Amino acid sequence: NFSVQMQLVQTLADMGRPKDALEHCERALELRPRSAEALRRLAALRMATGDMTGAVTAFKEALKIEPDNVVDLLMLAKLIARIGPREEAAALARRALDLEPGSAEAEVLLQLLGGRTKAEETDSGGGE
């Protein structure tokens with residue numbers, strides 16, 4: 001069942017066997033395709049196995065189910081920041097900040113991506 005598959009995923013991942021964990025995660029998703037938890041885990045496992053495009057897809061699927069999940073938004077933003085486009089990453093970080101005003105992680109990420117903040121570059125004074 002789903003719970004058993006997810007427990008196997010966790011155990012295999014803890015044992016440093018991400019490819020095996022990935023197989024069980026995919027089985028879990030066959031049982032419960034709309035599980036944000038399983039999609040989130042799938043994204044992490046895909047990142048661990050070097051499949052960044054697959055990780056992006058899994059995070060986007062999880063966000064269709066839980067669109068206001070700030071943690072997923074930030075994880076996806078960081079991942080996209082690494083592979084592009086940076087504008088999409090900044091938009092995701094901005095959405096996370098809108099959902100969780102004052103999120104230091106979202107603010108720093110947005111600033112690093114050139115999407116502003118640090119109090120919107122000191123209220124448009126250009127910063128520095």
In terms of the Cα gyration tensor, with a ≥ b ≥ c the square roots of its eigenvalues, is the stretch 1-58 rounded because a/c is under 1.5, prolate because a/b exceeds b/c, or oblate?
oblate
Alpha-carbon radius of gyration plus Dmax, which is the widest Cα pair, for the stretch 62-113 in Å
9.8, 28
For the Cα atoms of the chain, what angle does the longest principal axis make with the long axis of helix 2-14, in degrees from 0 to 90, nearest 10?
70 degrees
Along the dipole axis of the chain (charges at Cβ: +1 for Lys and Arg, -1 for Asp and Glu; origin at the Cα centre), the most positive-end residue among Leu99, Val71, Gln5 is Gln5
Which FRET efficiency value, to the nearest 0.05, do you get for Asp51 and Asn1 by plugging their Cβ-Cβ distance into 1/(1 + (r/R0)^6) with R0 = 22 Å?
0.25
Can you tell me the relative contact order of the chain? Whole percent, Cα pairs under 8 Å, sequence separation 6 or more.
14 percent
The ratio Rg/Rh over the Cα atoms of the stretch 29-77, Rh being the Kirkwood inverse mean 1/r radius, stands at 0.94
Taking the Cα centre of the chain as the origin, how large is its charge dipole in debye, to the nearest 20, when only Lys and Arg (+1) and Asp and Glu (-1) carry charge on their Cβ atoms?
460 debye
Against the rule of thumb 2.2 N^0.38 Å, how large the Cα Rg of the chain comes out:
1.20
Return a whole-number percent for the relative contact order of the stretch 27-102, with Cα pairs under 8 Å and 6 or more residues apart as the contact set.
23 percent
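Every number here is computed from the coordinates shown, using simple stated rules; none is lab data. Owing to the predicted nature of the structure, the values given are computational and were not obtained by experimental measurement. Cβ sites come from the backbone with ideal geometry, for glycine too, and all protein chains shown count toward neighbours.
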